[in-house]
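These notes concern the structure reproduced below.
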Amino acid sequence: GDGNKFPIPRTLDEEADSATHRCLMYSGPNNNPYLTIGPRNQVTMDAGGKMLWLDVYLESVRQCTWSAVNKVADELCERKVKIGSFSSTPQG
């Protein structure tokens, strides 16, 4: 082999960017999740289980992490900061 190991470890910034893109991909206008069609034509409201609801997410992080995220989010809202994201890959 050529010595390359896969998967290539990602930095925390890359993980955060990836999570943000995944969240945006399943959210529509006004941050509402898109309705998707699941097995047997059933309508799913959580992108077929790809989106976690807040209570499930809260169980997966420590209180200090949740507090830090909320502090940053509150500061961004107070300053009316808008965050844009784009992809320069051919896949979009």
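The values are calculated or read from the model by the stated rules, or taken from the named source; none is laboratory data. These numbers come from a predicted model, not from an experiment. Positions of Cβ are backbone-derived with ideal geometry, glycine not excepted, and every protein chain shown enters the neighbour counts. Areas reflect the complete protein model, heavy atoms only, side chains present, ligands, DNA and RNA absent. Shrake-Rupley method; radii C 1.70, N 1.55, O 1.52, S 1.80 Å.
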- prompt: Among all residue pairs at least 6 apart or on different chains, which show Cβ distances below 7 Å where the first residue, located in region 23-41, is open to solvent by 100 Å² or more (accessible area, probe 1.4 Å) and the second is not charged (D, E, K, R) and not in a strand (DSSP E or B)?
  reply: 34/26; 34/28; 34/47; 35/45
Breaking point among (1) at pLDDT 75 or above; (2) over 14 Å from the mean Cα position of the chain (by Cα), for residue 13: (2)
message: Looking only at region 4-22, how many residues end up being surrounded by 12 or more Cβ atoms within 10 Å (Cβ to Cβ) and touching a Lys or Arg at 6+ places or on another chain (Cβ under 8 Å)?
response: 1
query: Restricting attention to region 17-43, which residues are in a helix (DSSP H, G or I) and among the polar types (S, T, N, Q)?
result: 18, 20, 30, 31, 41
message: Which condition from (1) at pLDDT 70 or above; (2) among the aliphatic types (A, V, I, L, M); (3) open to solvent by 80 Å² or more (accessible area, probe 1.4 Å) is the one that residue 61 breaks?
response: (3)
- prompt: Of the conditions (1) modelled with pLDDT under 70; (2) on the phi > 0 side of the Ramachandran plot; (3) open to solvent by 100 Å² or more (accessible area, probe 1.4 Å), residue 49 fails just one. Which one is it?
  reply: (3)
